[in-house]
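The values are calculated or read from the model by the stated rules, or taken from the named source; none is laboratory data. Not measured: the values here are computed from a predicted model. Positions of Cβ are generated from backbone atoms using ideal geometry, with glycine treated the same way; all protein chains shown enter the neighbour counts.
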Amino acid sequence: MTALPSPDHILAAMQDIVGASGCLTDAADTESYVTDYRRLYRGKSPVVVLPATTEQVSAVMAWCYAHDVPVVPQGGNTSLMGGAVPDDSGTAVVINLRRMNRVLAIDTINDTMTVQAGVTLAGARAAAEESRRLFPLRIGSEGSCQIGGNLSTNAGGTAVLRYGNMRDLVLGMEVVLPDGRVFSSLRGLRKDNTGYDLKHLFVGAEGTLGIITAAVLKLMPQPRASAVAFIAVESPDAAVKLLGEARQLAGPAVTAFELISAPALDLVLEYLGDTASPLPERHDWMVLVELTSGADEEALNATLMQILESGLERGWVKDAAVAASGADAQTFWRIREEISDAQTRTGGSIKCDVSVPLSRIAEFIGNASARVLALEPATRMVIYGHMGDGNVHFNPLRPKDRSAADFLGQWYKPVSDLVDGLAHAENGSISAEHGIGVAKRDDLRQYKSQVELELMWQVKRALDPKNLLNPGRVLPGLDSPK
Ligand code: 2HG
Ligand code: ZN
């Protein structure tokens, strides 16, 4: 076995390919690339490489492959699962795509946009808007997260109900393989049944199979009208019924349907400091509903009122605040979007990102909450998320009088196992939209079948036989299946 190249040797090779300015090594410069968004995972790397072209990514990969050097691909590094930072062995090169941030083409006849992987989500949305189109993916981290990372994690967010996950929004991709070869399907076709649809292998693979360098994304018509309401509901069950009614009355105009529990609202209002609840009284459960359409504003508002009236009549709705202006709508959304950061700042939340069939979600929330509260009654039940997709962020938060370390030390594992187990028992998923990374990797053994794990490993070995790309992420233990 030949010895691995020294850090100096790796650095020299990387500088040869991307130039000295594309290589970061100082601790102060690399800190934000080796530490994850929540500061739970901190790794080490001999060099953070910032390539400017696909050819450079390819050359970096070819060199690393030839020299058995592991590589961690990285976009905006906003992952919650620790999947985008290196481990602390200090052997892996980080490749961050942020310099590859050009919108390459917009075709308003084909309704597609071709972008490099390092374009931020906000950048992609703004470029679409300039062409009077919508790129509909919507997540809180849009200012930092990148299209390549959105694809690698099959990002979801608050408009999945209407537009689907990132997987549904991509038509073509360019990907550098572990050995440096480049796979490209940047063609923008809506129909192409010529065998395996290879691009989808890389969507949700979290950088374990290849490095996405560009993509062709779908563009949608811009909605002309939107109507937003912050609604107090009787219970999660009432929320599900209200969603059914909203779909009956508004069809595809139902764009977002987000659940918010009282402790989630309390927490975020405390964190924001300058924002009041849209509703005068405190309620146990609320939903944030957004309708959008190409019709006029008046018609859409009338539909929203019909939904609310129907909900009131049936006892599902207790109160509602309808956004009277764009500014109101923004405030409602700010309250929703900031819940995650409010938790990060408070510390001590047990993050479970689960999905179950919509028909089971109310019962799931009831059971899981009762089981957690039986363990520690003062736990703040921060439960919120994309109810319309059957996806809840079920994030029990430490009681006010317990420290984060203390609470997490005692409960992180038992509570996440409990919640994941209950979701699984409802035919659900233990990671609806946040992916696996390193945080959930070992849990897959329990929740995926042997056949699924074997297939995952077979695909991994076919594309990355040396296990150099984002090693130790997504796939549980190397000793596992054949
Ligand atoms: C959201 O919907 C994000 O706000 C983050 O998916 C959720 O922090 C979380 O648990
Ligand atoms: Zn979410």
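For Ala205, the criteria (1) surrounded by fewer than 23 Cβ atoms within 10 Å (Cβ to Cβ); (2) under 23 Å from the mean Cα position of the chain (by Cα) hold in every case but one, which is (1).
Restricting the range 149-183 to residues that are part of a strand (DSSP E or B), crowded, with 20+ Cβ neighbours inside 10 Å and not hydrophobic (A, V, I, L, M, F, W, C), which is nearest to the chain's Cα centre (by Cα)? Break it down into steps so the answer makes sense when it comes.
Going through the range 149-183, the residues part of a strand (DSSP E or B) turn out to be 157, 170-176, 182-183.
After this cut, where a residue has to be crowded, with 20+ Cβ neighbours inside 10 Å as well, the list is 157, 170-171, 173-176.
Next, only the ones that are not hydrophobic (A, V, I, L, M, F, W, C) stay: 157, 174.
On the way: Gly157: 7, Glu174: 21 Å.
Among those residues, the one meeting the criterion is Gly157.
Would you tally the residues in the range 316-336 being in contact with a helix residue (DSSP H, G or I) (Cβ under 6 Å, 6 or more places away or on another chain) and assigned to a strand (DSSP E or B)?
Qualifying residue count for the region: 2.
For the range 118-173, a tally of residues being farther than 20 Å from Asn96 by Cα and of a type in the set (Val, Ile, Thr) returns 4.
Within the option set Pro465, Pro471, being buried (at least 19 other Cβ atoms within 10 Å of the Cβ) and either within 22 Å of Ala262 (Cα to Cα) or more than 16 Å from ligand 2 (Cβ to nearest atom) (or both) holds for one residue only, Pro471.
When the range 280-328 is filtered for residues that are loosely packed, with under 14 Cβ neighbours inside 10 Å and under 28 Å from the mean Cα position of the chain (by Cα), the ones remaining, listed by number, are Gly294, Gly326, Ala327. Among the residues making up the range 127-148, those that are away from ligand 2 (no atom under 15 Å from the Cβ), touching a strand residue (DSSP E or B) at 6+ places or on another chain (Cβ under 9 Å) and not in a loop (DSSP other than H, G, I, E, B) are Ala127, Ala128, Glu130, Arg133, Leu134, Gln146, Ile147, Gly148. Being crowded, with 24+ Cβ neighbours inside 10 Å and either in a loop (DSSP other than H, G, I, E, B) or in contact with a Leu (Cβ under 9 Å, 6 or more places away or on another chain) (or both) is the filter here; which residues of the range 83-95 pass it? Passing the criteria: Gly83, Ala84, Val85, Pro86, Ala92, Val94, Ile95. With respect to the conditions (1) crowded, with 17+ Cβ neighbours inside 10 Å; (2) over 26 Å from Phe364 (Cα atoms), Asp389 falls short on a single one, namely (2).
May I ask you to list the residues in the range 340-381 that are assigned to a helix (DSSP H, G or I) and either assigned by TED's automatic domain parsing to the domain that holds Gly244 or within 11 Å of ligand 1 (Cβ to nearest atom) (or both)? Give the steps one after another, and end with the answer.
Within the range 340-381, the first condition is being assigned to a helix (DSSP H, G or I), and the residues that meet it are 340-346, 358-375.
Listed by number, the residues that qualify are Ser340, Asp341, Ala342, Gln343, Thr344.
Close Cβ contacts (under 7 Å, 6 or more residues apart or on different chains) running from residues in the range 268-289 that are more than 27 Å from Arg247 (Cβ to Cβ) to residues that are among the polar types (S, T, N, Q) comprise Leu269/Thr275; Leu269/Ser277; Thr275/Thr331.
What residue, of Ser349, Ser416, Ser355, is more than 16 Å from ligand 2 (Cβ to nearest atom) and not aliphatic (A, V, I, L, M)? Let's see the steps before the verdict.
Values: Ser349 fails: more than 16 Å from ligand 2 (Cβ to nearest atom); Ser355 fails: more than 16 Å from ligand 2 (Cβ to nearest atom).
Residue meeting the stated conditions: Ser416.
Only one of these conditions is not met by Ala327: (1) among the hydrophobic types (A, V, I, L, M, F, W, C); (2) away from ligand 1 (no atom under 16 Å from the Cβ); (3) free of Cβ contacts under 8 Å to residues at least 60 places away in the same chain; (4) closer than 25 Å to Ala239 by Cβ. Which number is it? Failed condition: (4). The set of residues in the range 359-383 being within 16 Å of ligand 2 (Cβ to nearest atom) and either more than 26 Å from Arg39 (Cα to Cα) or of a type in the set (Ser, Thr, Tyr) (or both) consists of Ile361, Ile365.
Kindly list the number of the only condition in (1) within 21 Å of Asn391 (Cα to Cα); (2) free of Cβ contacts under 8 Å to residues at least 12 places away in the same chain that fails for Glu426. Glu426 satisfies all of (1) within 21 Å of Asn391 (Cα to Cα); (2) free of Cβ contacts under 8 Å to residues at least 12 places away in the same chain except (2). Among the conditions (1) in contact with a strand residue (DSSP E or B) (Cβ under 9 Å, 6 or more places away or on another chain); (2) within 16 Å of ligand 2 (Cβ to nearest atom), Asn96 misses just one, which is (2).
Residue by residue, here is whether (1) part of a strand (DSSP E or B); (2) closer than 30 Å to Ser58 by Cβ holds:
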{"residue": "Ile383", "(1), (2)": "yes, no"}
{"residue": "Pro399", "(1), (2)": "no, no"}
{"residue": "Ala423", "(1), (2)": "no, no"}
{"residue": "Ile436", "(1), (2)": "no, yes"}
{"residue": "Ala439", "(1), (2)": "no, no"}
{"residue": "Met456", "(1), (2)": "no, yes"}
{"residue": "Ala462", "(1), (2)": "no, yes"}
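Residue pairs whose Cβ atoms lie under 7 Å apart, separated by 6 or more positions or on different chains, with the first residue in the range 429-443 and more than 15 Å from Leu453 (Cβ to Cβ) and the second within 15 Å of ligand 1 (Cβ to nearest atom) and in a helix (DSSP H, G or I), are Ser429/Ala423.
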